[in-house]
Amino acid sequence: MSTSGKYQPQDFEDKWYSYWLQHKFFKSVPDEREPYTIVIPPPNVTGVLHMGHMLNNTIQDVLIRRARMSGKNACWVPGTDHASIATEAKVVNMLKEQGISKKDISREEFLKYAYDWKEKYGGIILEQLKKLGASCDWDRTAFTMDPHMSEAVIDTFIRLYKKGWIYRGIRMVNWDPQGKTAVSDEEVIRKEVNQELYYINYKIADGSGHLTVATTRPETIMADTAICVNPNDERYFHLHGKKVLVPLINREIPVILDEYVDMTFGTGCLKVTPAHDLNDYELGQKHKLPVIDILNDDGTLNEKAEILIGEDRFAARKKVAVMLEEAGSLEKTEDYKSQIGFSERTNAAIEPKLSMQWFCKMGEMAKPALDYVLNGDVKLIPDKFINTYRHWMENVKDWNISRQLWWGQQIPAWYLPNGEYVVAKTREEAFEEAQKITQDSALTIDQLLQEEDVVDTWFSSWLWPISVFDGIANPDNPEIQYYYPTNDLVTGPDILFFWVARMIMAGHEWRGEIPFKNVYLTGIVRDKLGRKMSKQLGNSPDPVDLIERYGADGVRVGILLSAPAGNDLMFDEAYCEQGRNFGNKIWNAFRLVKGWEVDDSLPCENKVAIDWFESRFNQALTEIADNFAQYRLSDALMATYKLVWDDFCAWYLEMIKPVYQHPADRETFTRTVKFFEDILKILHPFMPFLTEELWHDELFGERAENDCCIVAQMPSFGEVNTQLLNEVEVVKQVVTQIRNIRNQKQISPKEALVLSVKVNSGISYNDYKNVIGKLANVSEFTVVNEAVDGAASFLAHTDEFFVPLSQNIDAAAEIERLQKEQEYLLGFLKSVNAKLSNERFVQNAKPEIVQNEQNKKADAEAKLSIIEKQLKDLAG
RNA sequence: GGGAGCAUAGCUCAGCUGGUUCAGAGCAUCUGCCUUACAAGCAGAGGGUCACAGGUUCGAAUCCUGUUGCUCCCA
């Protein structure tokens, strides 16, 4: 503890993190203890820490630290994923700045640049996690492209291919023209966008007039291969069998009939563009229409468009509109709102595009993965997500796993000169296989061409809980045997399908087992106005900056206070301030105790206070454990907060605090120091730095080098004296009431008061004389048999208290107060009596509930008779 | 358009299978205090027709139906 006396978390946080690292407290190796394992949801290697990470990793650290302090062998595996699209985009940009174009360099050269980039910038986020206090086993830091991790990916590809679950096919995919790759359905974010609906006239080829088509994408007319109308649409009977001319290019296309067309939308005439729309594609298949793809991979028009070649699709849209207008083919335009897909990675508008891709069948794998969740083997917390999960799993579509990129695991498929392909781990194995298939002795190994594409990053991530323990290539190794299945996974609901569902599938496929027992789904961090935090809005605080200002402990407390499980959280810096203030409170409570002198000759006069706090502490311990068992971390924190601030600081320390510059007795001091140590333990998972700092203070005596709070064992549950707890609650009421009287009558806390009690409850107030004397500054406390005249009075439980005051009592005000209370009690009694005199209540309600009502009745009646008597006395 | 969820104090949220004074917590607010651990604090206090309308029940914040408003997922 620093000598400055002020709580300054920055002074010691780095010190203790280094100390923990040095002493390898985060390190885990299999042993005879029960394991407790968390694998980190690997953040994107290009990423920097944002508030979502803060939340997520604070939760993981709290769980892992608590497990570590509960006798478990705690292992938190950190790492990053290679984020193929995002990283490749960054590297391409970096090269562009250096004047290098990706087209001009080889795959090998590109990958070298990419690895250099990763080495240089890829670890930032992990360093930031250290600031937060994350107690990961850094020796285990994994990366989804580490050799053994990549090998697991390739093995998985081959295994699933051999099972017939991976196939290649032409499909309409979500094309990201900026990333120049396909993305999966889950990576497309739909947003409502204001667009224009263009009404375009197509001339009928025989010169008999025109028809009008409404479209949001006029630039795709050059790819039209038909116009479709509903066969039942009377307006268009005359068009059946006709041909029309595509405006601007005058290509002839047929009018086809299909009930698919919605007669009420637009004009009822649909342009069919099989290459650029999924529904049109299916329609085209059905009617055997040709496919004309007019777009390049980067979203510009190609020569098949005939016009505007090389223009970007959005620029082309505007130009086509102008050209149509000039040609007299544009009937009108209308404002129109519709849902457009955007790439999660690049935010480019997704272009539906036909291309040859690799797919992974999901149906077979989804079934067991769904069952694990439905039968509770894998628990989703909160369980409201089970419905969402089930819905997705029951309607799962095949997963497009190929990406047209270099950064990632290259698909282990090898093309032969004749167009066939084989799937094999190495070129050599592929060659062997190829020879077998082709029986071609002329085939040479160099003739094999490996698939250019890589697999989706999630195709690595779904193996994460297994592959970090090398459980794919070495399924029986001691690590995977020990740590798998892991315990808790902490992540956001937005990747329930991307990742969580697929990990469960992979777990079942490779090990016939779940990957984790519990999935804690955090909410999304929003600003206090409820908006999602985003770079564009600039409404996200920089977590590292927050840590510098409030301390890591303060930020951890702040973010947990605002984060009930599964709910989005409205983050406000005020929570961090509350966290820091809490740290300050603990710090100062510590300074108080530390400052006490001890006099061994003094007797202990605080037995009641000590016994009370011990009971209260044990009670809170159960509450906290219960909250943890239900993953109610903010409640666990709040229970701890109240125990420390209210019970320990505000009540206990005030009860036992020696008079200024007077020494404490040995017993009180020793017990209090012990309480403090236990408090540090339960606080540690939430506030690791502060607790470690105080743990090593000389107040606790000499500590061995490895005697650290981080590895201390949680206090064990002790006895709870309920009667004592209840009595102290009454005593606290007494103290509050006296303080109230002081407030009302403007009596200084320094002025001692005299107190008498007429006991009706059986509580032995003698035991609490000291406590009440100290907390309420009462110099004389006597038990009386009769009411004291002319004194301020109040009720605590059913006991009557009297405080004679130098000033006269305002009898009228006192009467009014009592009458108010009487009125309330009479009303209350009435409702209780109404219940009790209701036969159906007495018959139907559970006996203990009826008994309760009777207790309430007796209690109210007792209070009423006291008040009546007091009123009579005042009147008399 | 289909599905799910939510609505409780100024704010963020608890409130389990209806029944202890059930209407709560934290923060914020108000009042009084620089009482030598802490003003990043202490002591008090106020604040809600539990979205709205019906229903079931001896009894509803809690269960049912409808209405309104918001959020998310899917098409």
- Item | Criterion (of a type outside the set (V, I, T) and more than 8 Å from RNA strand B (Cβ to nearest atom)) met by exactly one of A:E577, A:E614 | A:E614
- Note on the structure: Considering residues that are part of a helix (DSSP H, G or I) and at pLDDT below 95, the number found within segment A:152-191 is 3
- Query: Going by the conditions given, is A:K361 buried (at least 19 other Cβ atoms within 10 Å of the Cβ), out of contact with any helix residue (DSSP H, G or I) (no Cβ under 7 Å at 6 or more places or on another chain) and either under 29 Å from A:K180 (Cβ atoms) or aliphatic (A, V, I, L, M) (or both)?
  - Reply: no
- Note on the structure: Over segment A:689-717, the set of residues of a type in the set (A, V, I, L, M) and more than 15 Å from A:K674 (Cβ to Cβ) is A:L690, A:A704, A:I710, A:V711
- Message: Only one of A:Y652, A:Y641 is within 10 Å of RNA strand B (Cβ to nearest atom), over 25 Å from A:E698 (Cβ atoms), in a helix (DSSP H, G or I) and hydroxyl-bearing (S, T, Y). Can you tell me which?
- Response: A:Y641
- Query: Are there any pairs with C-beta distances below 6 angstrom linking a residue in segment A:513-534 that is assigned by TED's automatic domain parsing to the domain that holds A:N375 and away from RNA strand B (no atom under 12 Å from the Cβ) to a residue that is at pLDDT below 75 and of a type in the set (G, A, S), with the two at least 6 apart or on different chains, and if so which?
  - Reply: none
- For segment A:350-378 the number of residues that are within 16 Å of RNA strand B (Cβ to nearest atom) and in a strand (DSSP E or B) is 2
- Which residues, counting only those in segment A:580-591, are farther than 19 Å from A:I547 by Cβ and either more than 6 Å from RNA strand B (Cβ to nearest atom) or over 38 Å from the mean Cα position of the chain (by Cα) (or both)? A:F590
- Query: Can you name every residue in segment A:65-112 that is closer than 30 Å to A:S716 by Cα, in contact with a Lys or Arg (Cβ under 7 Å, 6 or more places away or on another chain) and surrounded by 17 or more Cβ atoms within 10 Å (Cβ to Cβ)?
  - Reply: A:M69, A:K72, A:N73, A:A74, A:V77
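Just checking, which of A:N477, A:N567 is loosely packed, with under 15 Cβ neighbours inside 10 Å, outside the structural domain of A:Y17 (by TED's automatic domain parsing) and out of contact with any Lys or Arg (no Cβ under 9 Å at 6 or more places or on another chain)?
Criteria check complete, one pass: A:N567.
I need a count of the residues in segment A:658-677 that are acidic (D, E) and farther than 27 Å from A:C136 by Cβ. So that I can check it myself, show each step before the final result.
Filtering segment A:658-677 down to residues acidic (D, E) leaves A:665, A:667, A:677.
Narrowing the set further to residues that are farther than 27 Å from A:C136 by Cβ leaves A:665, A:667.
Here the count works out to 2.
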- Message: When you check A:F717 against the structure, is it in a loop (DSSP other than H, G, I, E, B), surrounded by 23 or more Cβ atoms within 10 Å (Cβ to Cβ) and aromatic (F, W, Y), yes or no?
- Response: no
- Item | Condition met for A:I227 (assigned by TED's automatic domain parsing to the domain that holds A:K318, within 46 Å of the chain's Cα centre (by Cα) and crowded, with 19+ Cβ neighbours inside 10 Å) | no
- Message: Condition check: out of contact with any helix residue (DSSP H, G or I) (no Cβ under 9 Å at 6 or more places or on another chain) and modelled with pLDDT of 95 or more. Does A:G79 satisfy that?
- Response: no
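Of all the residues that make up segment A:426-463, how many are in contact with a strand residue (DSSP E or B) (Cβ under 6 Å, 6 or more places away or on another chain), closer than 20 Å to A:H82 by Cα and part of a helix (DSSP H, G or I)?
Step one: filter segment A:426-463 for residues in contact with a strand residue (DSSP E or B) (Cβ under 6 Å, 6 or more places away or on another chain), giving A:430, A:433-434, A:448-451, A:453-454, A:456-457, A:461.
With closer than 20 Å to A:H82 by Cα added as a condition, the list becomes A:451, A:453-454, A:456-457, A:461.
Those left that are additionally part of a helix (DSSP H, G or I): A:461.
Of the residues in segment A:426-463, 1 are in contact with a strand residue (DSSP E or B) (Cβ under 6 Å, 6 or more places away or on another chain), closer than 20 Å to A:H82 by Cα and part of a helix (DSSP H, G or I).
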- Can you name the helices (runs of 4 or more DSSP H) wholly within segment A:720-838 that have at least 1 residues being among the polar types (S, T, N, Q) and within 13 Å of RNA strand B (Cβ to nearest atom)? A:722-745, A:811-837
- Complete set of residues in segment A:53-84 that are part of a loop (DSSP other than H, G, I, E, B) and not polar (S, T, N, Q): A:M69, A:G71, A:K72, A:P78, A:H82, A:A83
- Note on the structure: Selection over segment A:515-530 where residues are modelled with pLDDT of 75 or more and under 16 Å from the mean Cα position of the chain (by Cα) yields a count of 10
- Message: List pairs: first residue in segment A:727-740 and over 15 Å from A:D611 (Cβ atoms), second residue near RNA strand B (Cβ under 8 Å from one of its atoms) and not in a helix (DSSP H, G or I) anywhere in the structure, Cβ distance under 9 angstrom, at least six positions apart or on different chains.
- Response: A:R739/A:P749
- Within the set of pairs 6+ apart or on separate chains, which have a first residue in segment A:845-868 that is assigned to a helix (DSSP H, G or I), a second that is within 7 Å of RNA strand B (Cβ to nearest atom) and β-branched (V, I, T), and C-beta atoms under 7 Å apart? A:E853/A:V832; A:K856/A:V832; A:K857/A:V832; A:A860/A:V832
- Query: Restricting attention to segment A:383-390, does a residue exist that is modelled with pLDDT under 90 and of a type in the set (A, V, I, L, M)?
  - Reply: yes
- Please find, within segment A:281-309, the residue that is surrounded by the fewest Cβ atoms within 10 Å (Cβ to Cβ) out of those that are touching a helix residue (DSSP H, G or I) at 6+ places or on another chain (Cβ under 9 Å) and assigned to a helix (DSSP H, G or I). A:K304
- Item | Pairs, first in the same structural domain as A:N487 (by TED's automatic domain parsing) and farther than 14 Å from A:G408 by Cβ in segment A:454-474, second in a helix (DSSP H, G or I) and among the β-branched types (V, I, T), C-beta under 7 Å, six or more apart | A:I466/A:I480; A:F469/A:I480; A:D470/A:I480; A:G471/A:I480; A:I472/A:T156; A:I472/A:I466
- Selected residue (criterion: farthest from the chain's Cα centre (by Cα)) from residues of segment A:1-48 that are away from RNA strand B (no atom under 16 Å from the Cβ) and of a type in the set (V, I, T): A:V29
- Does A:L602 fit the bill of being more than 8 Å from RNA strand B (Cβ to nearest atom), farther than 30 Å from A:F385 by Cβ and surrounded by fewer than 21 Cβ atoms within 10 Å (Cβ to Cβ)? yes
- Task: Being of a type outside the set (F, W, Y) and assigned to a helix (DSSP H, G or I) is the filter here, so list the residues in segment A:122-145 that pass it.
- Result: A:I124, A:I125, A:L126, A:E127, A:Q128, A:L129, A:K130, A:K131, A:L132, A:D139, A:R140
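The values are calculated or read from the model by the stated rules, or taken from the named source; none is laboratory data. Just so we're clear, the structure is a prediction, and the values are computed from it rather than from any experiment. Quick reminder, even Gly has a Cβ in these numbers, built from the backbone with ideal geometry, and neighbours come from all protein chains shown.
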